[in-house]
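Taken together, the values in this text are just the output of simple stated rules run on the coordinates, not laboratory data. Quick caveat: nothing in here was measured; it's all calculated off a predicted structure. Counting neighbours? That spans all protein chains shown, and the Cβs are built from the backbone with ideal geometry, glycine included.
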Amino acid sequence: MRRIATLGITGCTLAVLTCWVMELSVACIADLLPGSRDRMNRLDQQLQERERFQPRFRALVAEVAAGRQSLRDASRRLEQLAAERHPSYLEHVGIVAPGETLRTKLASQIVLHLDTGDSGDGPPLDGARHAELARQLEKMLADEAPAP
């Protein structure tokens, strides 16, 4: 019985010591690398934003794939959704997506997402719907192009 009690106390002591060492390590790293704690907090915040954003984004993509939402309307909704739940997504799209305006960049991202075979929470995209979305995107891009 004493051995069991001794092993239990030793195990708890080691667990507390391990937690203390880990906390001390984080504190030392934060002191040695200025801004690392702020960077970790920012990354955690962005991850939480993405986790709140992703289910709604997938639902929106599924609506577009099913034809219940036009690409133009979906890009408006996506802009609003991202502004509320994941603002860094708008920054990312602004840099990497083709198009002149944020709306066309968002529309391009929706089409790209569907082109990769991920139709959100809906059924796979069929060829006719894909062609229709390509036409809608071309129209959006043409509408924003400056007149010659």
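Considering GLY127, GLY99, GLY94, which residue is in contact (Cβ under 8 Å) with a residue 24 or more places away in the chain and closer than 22 Å to LEU141 by Cα?
Only one candidate passes the filter, namely GLY99.
Each row is one residue, and each column tells you yes or no for (1) surrounded by 14 or more Cβ atoms within 10 Å (Cβ to Cβ); (2) part of a helix (DSSP H, G or I); (3) among the charged types (D, E, K, R).
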site: ASP38; (1), (2), (3): no, yes, yes
site: GLN48; (1), (2), (3): no, yes, no
site: ARG68; (1), (2), (3): no, no, yes
site: ALA83; (1), (2), (3): no, yes, no
site: SER88; (1), (2), (3): yes, yes, no
site: GLU100; (1), (2), (3): no, no, yes
